[in-house]
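The values are calculated or read from the model by the stated rules, or taken from the named source; none is laboratory data. All of these numbers come straight from a predicted model, not from anything done at the bench. Cβ placement follows ideal geometry from the backbone for every residue including glycine, while neighbour counts extend to all protein chains displayed.
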């Protein structure tokens, strides 16, 4: 029995004590299903192919109610029109959450548990789906236009919404709570450095330093945990790349929104139903070297592509950018070593560290703080190899402390006062940043 067949025969699960919205009240659930089928059939007719779809849905629904909606109240009819509009033009019950600019993440843990991240904190909502099949239909609506699939043979998928928001979905039998969706939202208008300054992610000195580093073609890597804002920061600092340069971006699911004109965006591809046709990030990194890039930007380095990325940085592709998951700059170096070994070559550890030390110039460490805000907590320079150890030195740090009077956590960005070795390269590019590296400690 297929997953769709099995799910379609399931009964809606209990609501765990929370009040359901009017669209899922038992007395109207059958009418809602019939209304959905009626609207789908009517919207396929040539006579209904023109005009605003929202207006057509409202008009068709009103005509449907004249025959079958006599037992519904005015409020139930109004809610049902709204639900059908979301169902047919958006992504069902979560459409209002996706449209809310204050919501940064939407998490569907089965049909009855929908959570959001609001102002850096996770909250449960009263939003519900009818059943598992309803959630599955929303997932298919997301992945189908991208040529992706989700079924029992491929129960996990990464995708994106038209606005660039990242989507991960996983379904039974792997997800025991029912079909699960995680959507990381991205602003339709990409963040700028002024947004990071306003939100307190950086201060002016760090902003100036990052701009100088990118324009001077230093290799910059952004590290941090899940949800720390790495991709948003990568988007911002990528805006400093001069407009005349050719940029090649490589991602699992295209999320970057760069403002430059000369951009080639590459996206990996999973294997098809026959198990063929997979194109990995590593394949794309190697191919990008033949595309005459001035800059290579890898959305996230997570596997064997680390070796090819480091080799590109060491062979004339200066100014490359990327992100990776790590809790500190030192942890990032350890992860890069592990990822290089995943390429399948039995390389000596010292050789790998020489590649890392020669490739990376700057590591930007970002964290999500306890209050939900995102901060760049360290700017660290990679100095080279001393013995078998990659030498690092912090250039900027974020110091957090508790205010005794208010009890709240406060902090400030500070220069360590150490003169970076890369300062000479920045000065050659026309930047005088010497004044910001005065002794403060």
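Assorted remarks:
- Answer residue from region 67-90, given it is free of Cβ contacts under 8 Å to residues at least 12 places away in the same chain and in a loop (DSSP other than H, G, I, E, B) and is farthest from residue 184 (Cα to Cα) among those: 70
- Residue 171 falls short of the stated requirement of being buried (at least 18 other Cβ atoms within 10 Å of the Cβ), out of contact with any strand residue (DSSP E or B) (no Cβ under 6 Å at 6 or more places or on another chain) and under 22 Å from residue 104 (Cα atoms).
- Within region 118-134, tally of residues that are in contact (Cβ under 8 Å) with a residue 24 or more places away in the chain and either in contact with a helix residue (DSSP H, G or I) (Cβ under 8 Å, 6 or more places away or on another chain) or in a strand (DSSP E or B) (or both): 10
- Restricting region 285-311 to residues that are assigned to a loop (DSSP other than H, G, I, E, B) and crowded, with 23+ Cβ neighbours inside 10 Å, the residue that is modelled with the lowest pLDDT: 299
- Residues located in region 215-235, provided they are surrounded by fewer than 21 Cβ atoms within 10 Å (Cβ to Cβ), within 22 Å of residue 424 (Cα to Cα) and touching a strand residue (DSSP E or B) at 6+ places or on another chain (Cβ under 9 Å): 217
- Qualifying residue in region 331-338 (condition: farther than 21 Å from residue 213 by Cα, more than 24 Å from the chain's Cα centre (by Cα) and buried (at least 16 other Cβ atoms within 10 Å of the Cβ)): yes
- Matching residues, region 141-160, being in contact with a strand residue (DSSP E or B) (Cβ under 9 Å, 6 or more places away or on another chain) and surrounded by 14 or more Cβ atoms within 10 Å (Cβ to Cβ): 142, 143, 146, 148, 149, 150, 155, 157, 158, 159, 160
- Here residue 238 passes the criteria (1) surrounded by fewer than 17 Cβ atoms within 10 Å (Cβ to Cβ); (2) closer than 30 Å to residue 147 by Cα; (3) touching a residue at least 24 places away in the same chain (Cβ under 8 Å) except the one numbered (1).
- Flag if residue 149 is closer than 16 Å to residue 270 by Cβ, touching a residue at least 60 places away in the same chain (Cβ under 8 Å), touching a helix residue (DSSP H, G or I) at 6+ places or on another chain (Cβ under 8 Å) and not in a strand (DSSP E or B): yes
- The set of residues in region 328-338 that are touching a strand residue (DSSP E or B) at 6+ places or on another chain (Cβ under 8 Å) and more than 25 Å from residue 239 (Cα to Cα) comprises 330, 331, 333, 335, 336.
- Checked against the criterion of being in a loop (DSSP other than H, G, I, E, B) and more than 20 Å from residue 225 (Cα to Cα), region 348-358 has at least one qualifying residue.
- Some residue of region 28-43 being in contact with a helix residue (DSSP H, G or I) (Cβ under 8 Å, 6 or more places away or on another chain), surrounded by 12 or more Cβ atoms within 10 Å (Cβ to Cβ), modelled with pLDDT under 65 and farther than 16 Å from residue 133 by Cβ: yes
- Of the residues making up region 266-282, those that are at negative phi and surrounded by fewer than 15 Cβ atoms within 10 Å (Cβ to Cβ) are 271, 272, 273, 274, 276, 278, 279.
- For region 91-115, taking the residues that are part of a loop (DSSP other than H, G, I, E, B) and over 19 Å from residue 131 (Cβ atoms), the one that is modelled with the highest pLDDT is identified as 100.
- Among the strands (runs of 3 or more DSSP E) confined to region 154-219, there are none with at least 3 residues that are over 23 Å from the mean Cα position of the chain (by Cα).
- Failed criterion for residue 165 (all others in (1) closer than 25 Å to residue 265 by Cβ; (2) surrounded by 15 or more Cβ atoms within 10 Å (Cβ to Cβ); (3) free of Cβ contacts under 8 Å to residues at least 60 places away in the same chain hold): (3)
- Residue-level check: of (1) at pLDDT 90 or above; (2) surrounded by fewer than 17 Cβ atoms within 10 Å (Cβ to Cβ); (3) over 16 Å from the mean Cα position of the chain (by Cα), residue 321 misses just (2).
- One residue from 393, 365, 355 being over 25 Å from residue 232 (Cβ atoms) and touching a helix residue (DSSP H, G or I) at 6+ places or on another chain (Cβ under 6 Å): 355
- Within region 312-328, being in contact with a helix residue (DSSP H, G or I) (Cβ under 8 Å, 6 or more places away or on another chain) and in a loop (DSSP other than H, G, I, E, B) holds for 314, 319, 320, 326.
- Counted residues, region 351-383 - those being loosely packed, with under 12 Cβ neighbours inside 10 Å and in contact with a strand residue (DSSP E or B) (Cβ under 8 Å, 6 or more places away or on another chain): 2
- Of the residues making up region 174-202, those that are surrounded by fewer than 19 Cβ atoms within 10 Å (Cβ to Cβ) and in contact (Cβ under 8 Å) with a residue 12 or more places away in the chain are 174, 175, 177, 182, 187, 188, 190, 192, 195, 199, 200.
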